[in-house]
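Below is one structure, written out as structure tokens, with a few remarks after it.
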Amino acid sequence: MEETLNNTIHPACLRKDPPLAGDMLKQLDTFEFCLYAMLTFMSSVSLLLYLEQCIYIYKKLDYPKKTTLIWISGAAPVIATMSCFGMWIPRAVMITDMTSNCYFAVVVYKVLILMIEEMGGSTAFLKRFGGEPFRINTGPCCCCCCCLPHVPMSRRMLFILKIGSLQYAILKTVLSVLSVVLWTNGYFDLSDVSITGTAIWINPFIGVLTITSLWPVAIIFMNINRFLRSLKMVPKYAMYQLILVLSQLQTSIINILALDGTIACAPPLSSQARGSMLSQQMMIMEMFIISLITRSFYHRTYDPLPCEAHDNEENKKTDLQAALIERDV
């Protein structure tokens, strides 16, 4: 009975490794080739627009803000480009995913730095918010912990927040390189969920590092976003969150469905290889749309924020007008 069942299953469905790029190209029909060509065009346009945007930012903005903006605005184009390589060369998905994830790990830290630089840098930030209580009951760690006290901002507190995000950029890169080294020697397999497998230990640890790094960014954003509305920081932060969900959560869900066999095998792709292929194709389309949207936020210059004295004067005027209105009433 087992021999009859094995004879009805295509050999590609029993193979863990994705096919070679040449074998994959030979199996493409007209529709699939047109799809690949369209997705390649999308990733190429995203990359070209990003390069043009880098030139614009480099000419129009001053250091160090221009370096930070170049890093952040490149998240979607870089992920789209790496996904395109992974689509054409299925066996390189491990390396392309590592490159995308390491780049985005740096972007997480750069988003925090951008908000501080928009306030004038660390010195101006501490001068403006030093001693003020900051909410720390924000996502993704403590959004439901309303009982947490407000913590006054200080130089030490700001340093801890920076380290909290920077550790992800460093450790994520180290663990990704380690995973690739183990994968080339056959010791890293996402389908191996046994207690002796390396993936079952490395991936959860990376998940903890991710949550730990997102918390400081959320703390800074929730406490100062009202001062950065004129700089379109809210939609910038929303796009950064969207890229995070699509590149991390969506990919993880598709990989789990592929490992479970929910995504069917389609020779020459096994179930796991097909899930990875679908993830790469979806990522190219999504990152292309995000690249076009974020371009309007970063391909422009903004007026500098008003100083704290200006804000105090505006608040006094508002309070005075409110008092006059109440007196007239």
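The figures follow:
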read-out: Verdict on Asp97 being among the acidic types (Asp, Glu) and in contact (Cβ under 8 Å) with a residue 12 or more places away in the chain; value: yes
read-out: Sole exception among (1) in a helix (DSSP H, G or I); (2) of a type in the set (A, V, I, L, M, F, W, C); (3) closer than 26 Å to Arg274 by Cβ; (4) without any contact (Cβ under 8 Å) to a residue 40 or more places away in the chain for Met42, by number; value: (4)
read-out: Ser165 being under 30 Å from Ile289 (Cα atoms), surrounded by 19 or more Cβ atoms within 10 Å (Cβ to Cβ) and of a type in the set (S, T, N, Q); value: yes
read-out: Every residue from the range 51-92 that is farther than 30 Å from Leu20 by Cα, touching a Ser or Thr at 6+ places or on another chain (Cβ under 8 Å), surrounded by 17 or more Cβ atoms within 10 Å (Cβ to Cβ) and not hydrophobic (A, V, I, L, M, F, W, C); value: Gln53, Ser73
read-out: Among residues of the range 111-138, those that are assigned to a helix (DSSP H, G or I) and over 25 Å from Leu244 (Cβ atoms), counted; value: 6
read-out: Hey, Leu214 outside any helix (DSSP H, G or I) and buried (at least 19 other Cβ atoms within 10 Å of the Cβ) or not; value: no
read-out: All positions within the range 45-95 that are outside any helix (DSSP H, G or I) and out of contact with any Cys (no Cβ under 9 Å at 6 or more places or on another chain); value: Leu61, Asp62, Tyr63, Pro64, Ile89
read-out: Options Asp319, Asp311, Asp303, Asp260: the member that is within 27 Å of Pro204 (Cα to Cα) and at pLDDT below 80; value: Asp260
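The values are calculated or read from the model by the stated rules, or taken from the named source; none is laboratory data. Given the structure is predicted, the values throughout are model-derived calculations rather than measurements. All Cβ positions, glycine included, derive from the backbone under ideal geometry; neighbour counts span all protein chains shown.
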